[in-house]
Ligand code: HEM
Ligand code: HEM
């Protein structure tokens with residue numbers, strides 16, 4: 001389950017980067033919002049929602065989280081335990097919400113320029129949060145790519 005969770009992250013990063021590059025190019029270059037933009041966004045949302053479900057399962061199964069939740073007073077003073085029991089899940093939940101809202105706002109926007117712009121802004125904030133709480137921090141805590 002943890003391997004699936006970690007691997008899905010790479011797919012999410014791939015589609016998130018593609019969505020950002022295309023929406024920035026579309027917004028700044030005033031290009032139409034094409035079928036490919038739509039498909040990338042739908043795949044991105046699907047991967048992100050699946051990751052949320054997998055994350056909840058991993059959270060429920062994790063010994064690290066179990067240990068963390070058993071004594072929250074101590075957990076708050078222990079950086080790795082605090083990260084996995086609290087910070088990662090909270091920040092990633094925010095990421096899932098940002099990507100979902102970004103897509104919904106992009107979908108509802110009246111013009112193609114606005115569709116690209118709404119997506120670009122929400123996806124860039126989501127990328128920064130994922131890079132911190134889903135890549136840099138896990139690596140700093142000894143986790144790998146997969
Ligand atoms: C607990 C599980 C899930 C919850 C609570 C959830 C919630 C949501 C919400 C709130 C939206 C936004 C609706 C809107 O645009 O107003 C949405 C859209 C969507 N979700 Fe999920 N979702 C879940 C699981 C999944 C899974 C497992 C998949 C796919 C494998 C998925 C794929 C999608 C897609 C494709 C969209 C629409 C994207 C679009 O606007 O084109 N979701 N979901
Ligand atoms: C876009 C969303 C997410 C990304 C990119 C992401 C990424 C990651 C990565 C890279 C790891 C380390 C995996 C490894 O050691 O191989 C991890 C672990 C973990 N994730 Fe997530 N995650 C996301 C969402 C979530 C959510 C929503 C939850 C909980 C509700 C969650 C709970 C956990 C837990 C509990 C662990 C560590 C478990 C353990 O080692 O015992 N994740 N995540």
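Mind checking which helices (runs of 4 or more DSSP H) fall wholly inside region 1-91 and carry at least 3 residues that are under 15 Å from residue 106 (Cα atoms) and touching a helix residue (DSSP H, G or I) at 6+ places or on another chain (Cβ under 9 Å)?
2-28, 35-61
Please name all residue pairs, on different chains or six or more residues apart, with Cβ atoms under 9 Å, provided the first residue is in region 29-56 and is within 9 Å of residue 15 (Cβ to Cβ) and modelled with pLDDT under 95 and the second residue is more than 6 Å from ligand 1 (Cβ to nearest atom) and not in a helix (DSSP H, G or I).
none
Looking for whichever is more than 9 Å from ligand 2 (Cβ to nearest atom) and more than 16 Å from the chain's Cα centre (by Cα) here; the options are 98, 81. Which one fits?
Exactly one of 98, 81 is more than 9 Å from ligand 2 (Cβ to nearest atom) and more than 16 Å from the chain's Cα centre (by Cα), namely 81.
If I filter region 122-137 down to residues being surrounded by fewer than 18 Cβ atoms within 10 Å (Cβ to Cβ) and in contact with a helix residue (DSSP H, G or I) (Cβ under 9 Å, 6 or more places away or on another chain), which single residue comes out as nearest to residue 42 (Cα to Cα)?
Filtering region 122-137 for residues that are surrounded by fewer than 18 Cβ atoms within 10 Å (Cβ to Cβ) and in contact with a helix residue (DSSP H, G or I) (Cβ under 9 Å, 6 or more places away or on another chain), the one nearest to residue 42 (Cα to Cα) comes out as 124.
The values are calculated or read from the model by the stated rules, or taken from the named source; none is laboratory data. Computed from a predicted structure; not experimentally measured. For neighbour counting, all protein chains shown are included, and Cβ atoms are generated from backbone atoms with ideal geometry for every residue, glycine included.
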